[in-house]
Amino acid sequence: MTNPIADPIVEVPDTDAMSPLVHMDSTPEGAVTVWINRPDKKNAFDAATIAALRQTFETLHGAEGVRIVFLRGVGGAFSAGADLSWMASAVEWDEDDNRQDALELAHMLKALHDIPALTVALVEGPAFGGGAGLVAACDHALALVDAKFAFSEVKLGLTPATISPYVIQALGPRTAKLLFATGRVFDADDAWGFGLVDEVFEDVASLEGARDALIAEMAPCAPGAIGDAKALVNDFVGQKLDKGLIDESARRIARRRVSPEGQEGVRAFLARRKPSWVE
């Protein structure tokens, strides 16, 4: 069995060659950081940025050995939402053009949601509109205490439609209705209370310390098992606990037990040695 760490796992493509709008770096522990790189625009979206993010997220669907993916903005801002010039051009589009444009954002968010590795937003500064949607589409979120959030679309006569499936899942329907309908700006402590972020930190050093702790915590975990564990939650949430679900749960653990990772992990445990994916 190959070692997905020693036999370079994180051979992720050089996204600088694809687009200057997204950077990606990785560590030998299987941690990848995706950076939105429009600091002069507070990492706001335009069509090119959305396309670059989607391409990057889809690349990570097939990157072997990646355990955890962090999403972050360059320059101390997570994402201020939609770029104003992009919004200005959309005013002249017809409904079909707007639908196609919205689908690009929707597909990008779905590509983030479907990354097999654990995804973690590292939020500094503003996370507004689609930026807050990115936070909701991640599995976990850490924020600086001075981060700000808003779903302010109603103030423009719009709605947060493309991001709403992820926000509703993260916040629940009652809180989502309140924040969607008011468009209020709220801080990191409120975001923690609402369930949009999981931990709040006083400074960047503490935020990055929590990032490093997560990387260390996941280093002993089998990369493929992480993806399958995430899939259990995605596929089983809201399902009726009936014979079909019971049978499917048994099928999935049986498949894992006979997988190369499952065989290696159990044999290593019984032999009191480290599995091959742990350095």
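The values are calculated or read from the model by the stated rules, or taken from the named source; none is laboratory data. Since the structure is predicted, the reported quantities are computational estimates derived from the model, not experimental observations. Cβ placement follows ideal geometry from the backbone for every residue including glycine, while neighbour counts extend to all protein chains displayed. To get the accessible areas, we keep the full protein, side chains included, count just its heavy atoms, and leave off ligands, DNA and RNA. Shrake-Rupley method; radii C 1.70, N 1.55, O 1.52, S 1.80 Å.
Values computed for the structure shown
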| item | result |
| --- | --- |
| Principal axis box of the stretch 147-224, alpha-carbon based, largest edge first, Å | 47, 32, 19 |
| Rounded to whole Å, sorted largest first: equivalent-ellipsoid semi-axes of the stretch 24-160, Cα gyration tensor | 25, 17, 12 |
| Long-range HN-HN contacts of residue 73 with modeled amide H, under 5 Å | 36, 124 |
| The chain: antiparallel DSSP beta bridges as a percent of all, rounded to 5 | 25 percent |
| FRET efficiency estimate (nearest 0.05) - Cβ-Cβ, residue 272 to residue 58, R0 41 angstrom | 0.55 |
| Binned Cα-Cα distances of the stretch 218-279, short to long, each 10 Å bin given as a whole percent | 20, 44, 26, 10, 0 |
| Peptides ranked, highest mean first, by Cβ atoms within 10 Å: ranges 144-151, 267-274 | 144-151, 267-274 |
| All lysines inside 30 Å of residue 148 as judged from Cα atoms, apart from same-chain residues fewer than 8 positions distant | 41, 42, 110, 177, 230 |
| Å² per residue, accessible surface of the chain at 1.4 Å | 50 Å² |
| Span from the the stretch 164-229 Cα centroid across to the the stretch 39-61 one, whole angstrom | 20 Å |
| Modelled FRET efficiency - R0 35 Å, residue 92 with residue 247, Cβ distances, 0.05 increments | 0.05 |
| Principal axis dimensions, the stretch 93-143 - Cα atoms, whole angstrom, descending | 38, 27, 9 |
| Residue-averaged [θ]222 nm for the chain, counting only DSSP H segments that reach four residues, each worth -39500 (n - 2.57) | -14500 deg cm²/dmol |
| Relative contact order (percent, whole number), the stretch 150-279, Cα cutoff 8 Å, 6+ residue spacing | 18 percent |
| FRET efficiency, 1/(1 + (r/R0)^6) with R0 30 Å, evaluated for residue 175 and residue 84 via beta carbons | 0.60 |
| Equivalent-ellipsoid semi-axes of the chain, from the Cα gyration tensor, Å, largest first | 34, 22, 19 |
